[in-house]
Structures are given as structure tokens and as C-alpha cells.
Amino acid sequence: NSNEEIRNGLLLDLDAKTLSNSLASGEVTAVELMETTLDAIRKINPTVNALISIRNRDELLKEAAIADSSPRKGWLHGIPIAIKDMANAKGIATTMGGSPLFSNSSIATENDIFVQNIVNAGAIIIGKTNTPEHGLGSHTFNTQWGTTFNPYNTQLSAGGSSGGAAVALSTRMLAIVDGSDMMG
């Protein structure tokens, strides 16, 4: 994980722990990581539809700059993450997988407990991951956000209910994601 690898565009090929260590050592900055992440999302996400409700680029870069100039909060410090659209993340709408019951709901005013723990560890929440309506289903599709496509064969399902998270991770748009399992 040298600066040469970063310049060669391999930053997002690093696992989350290696990224964390690189951020801690100053070898990588949170701004560099955020720019690279957002560029990858811009290029990849239109094809796979894994990430939804992506926050404003300028706001995210400001948060990354603050992370660079602040003491480390935890091992996630400066690492971008998206939250499954079943949980509240402050400042982002929670549509419960595009459910008509929640699609017009207001922006979350606070984080769910586990999301707050992720923020407390220093992660930067960039948006949400797509999920089936109410998180119920083995195929990530809903009427509001559409289908999340398998990045290896768009004719196959990306699975569910954490299909958006799985695709964001497998395409290396993000180094770490959250997911949940309600059906065992």
C-alpha cells in the first residue's frame, strides 16, 4: 500500500483494515480516499444501482478534511461507509427499501444506535445501500429505487436483502459496508 499504488488507482483494492492503517500513518488522507470513493461510485453505481441517497460531494469532502485534521476516533476514522436503507442515518431519508409507507418520510434527525457507533468510530456516512421493500426478499428490488444488479452478470440477482451492500463491497466502491439479516 505505497503512494505509488494509490497513484495507480489501487486505493480501493485495499481492505478496510489496511486503509485504516494507511490513514493512521498519514500515507493516505481521508480526502484522497473520499475523492477516489466518490469517483468510483460515479463510474460504477449507474450500472449496478447499489447505492442510493448519496450525499453531496462537497459536504463529504469537507467531512473528510475535518477527519484529516482531527484526532482519530477509532479504526473507521475517515473511511466512507453507506448504511442499509433500513436504518436511520442523520440527515438522510430512510425509505425502508423504497416502501410507499416511508418513501415520503422526512430526513432522519438522529442516527440509530449502531449507526451512531459507526460514526463514533470515525466513519463518514456517504449515503444508503439499496434493499428490497422492508428488507424482505432474496432479490434487491423495490419500486422507488429499482433493481440492484449483480456486477458479474447483470442477468443474475445481486441477492438480498443486503444486495446493495454486497454489490458496493464486491465492486470496491466501498471498503466496508453494513448489512443485516432478518430471516436467518
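Any read-out appearing in this document is the output of simple, stated calculations on the displayed coordinates, not a laboratory observation. Keep in mind the model is a prediction, meaning the values are calculated, not measured. Note: ideal-geometry Cβ built from the backbone for every residue, glycine included; neighbour counts use all protein chains shown.
In the chain the longest region clear of trypsin sites (Lys or Arg not before Pro) that are loop-assigned by DSSP and have at most 15 other C-beta atoms within 10 Å covers 91-184. Between THR94 and ALA108, the built amide H atoms are under 5 Å apart, and every one of these is 5 or more places off in sequence or on another chain. With a Förster radius of 41 Å applied to the beta-carbon distance between ASP15 and THR109, the computed FRET efficiency rounds to 0.75.
A cut-off under 14 angstrom between Cβ atoms defines the neighbours of ILE118, and their net charge, with Lys, Arg +1 and Asp, Glu -1, is 0.
Springs between alpha-carbon pairs under 10 angstrom, Gaussian network model over the chain: which of LEU14, LEU169, LEU156 fluctuates most? Between LEU14, LEU169, LEU156, it is LEU156 that shows the largest mean-square fluctuation. Dividing the helix sum by the residues of the chain, where each DSSP H run of 4 or more adds -39500 (n - 2.57), gives a mean residue ellipticity at 222 nm of -10000 deg cm²/dmol. Within a Cβ distance under 15 Å of THR147, other residues only, what is the Lys/Arg minus Asp/Glu net charge? Once all neighbours under 15 Å are counted, the net charge is -2.
Fully extending the segment from SER138 to GLU35 would add 33.8 nm, taking 0.36 nm per residue of separation and subtracting the current Cα-Cα distance. Using the Cβ of THR131 as centre and a radius below 10 Å, the other residues enclosed give a net charge of 0, where K and R count +1 and D and E count -1.
Taking N as the residue count of the chain, its C-alpha radius of gyration divided by 2.2 N^0.38 Å amounts to 0.99. A Cβ-based charge dipole, computed about the Cα centre of the chain with Lys and Arg at +1 and Asp and Glu at -1, lands at about 180 debye. The length gained on full extension between SER170 and ARG42, counted as 0.36 nm times the residue separation minus their Cα-Cα distance, comes to 44.5 nm. Spin-label model, ALA65 to SER180: label points 7 Å out along the Cα-to-beta-carbon direction sit 3.5 nm apart. Are there DSSP H segments in the chain that both extend 15 Å or more along their axis (alpha-carbon positions) and score a mean Kyte-Doolittle hydropathy of at least -0.5? List them, or say none. What comes out of the filter, once short or polar helices are dropped, is 30-48, 57-68.
Note on the stretch 86-127: along the principal axes its Cα atoms extend 33, 16, 14 Å, ordered by decreasing extent. Each residue, ARG57 and ALA121, gets one label point 7 Å from its Cα in the Cβ direction; the gap between the two is 2.9 nm. In the chain the longest region clear of GluC sites (Glu not before Pro) that are loop-assigned by DSSP and have at most 16 other C-beta atoms within 10 Å covers 28-109. Label separation (THR154 vs TRP75): 3.7 nm, computed from points 7 Å beyond Cα along the C-beta direction. When the chymotrypsin sites (Phe, Trp or Tyr not before Pro) in the stretch 54-149 are filtered for DSSP coil states and for at most 11 other beta-carbon atoms within 10 Å of their beta-carbon, no site remains. Over the chain, with a Gaussian network built from C-alpha contacts below 10 Å, which listed residue (ASN88, ASN117, ASN150) shows the highest mean-square fluctuation? Result for the chain, Cα springs under 10 Å: ASN117 fluctuates most. Suppose we keep just the DSSP beta bridges with both residues in the chain; what percent of those would be antiparallel, to 5? Percentage antiparallel, nearest 5: 60.
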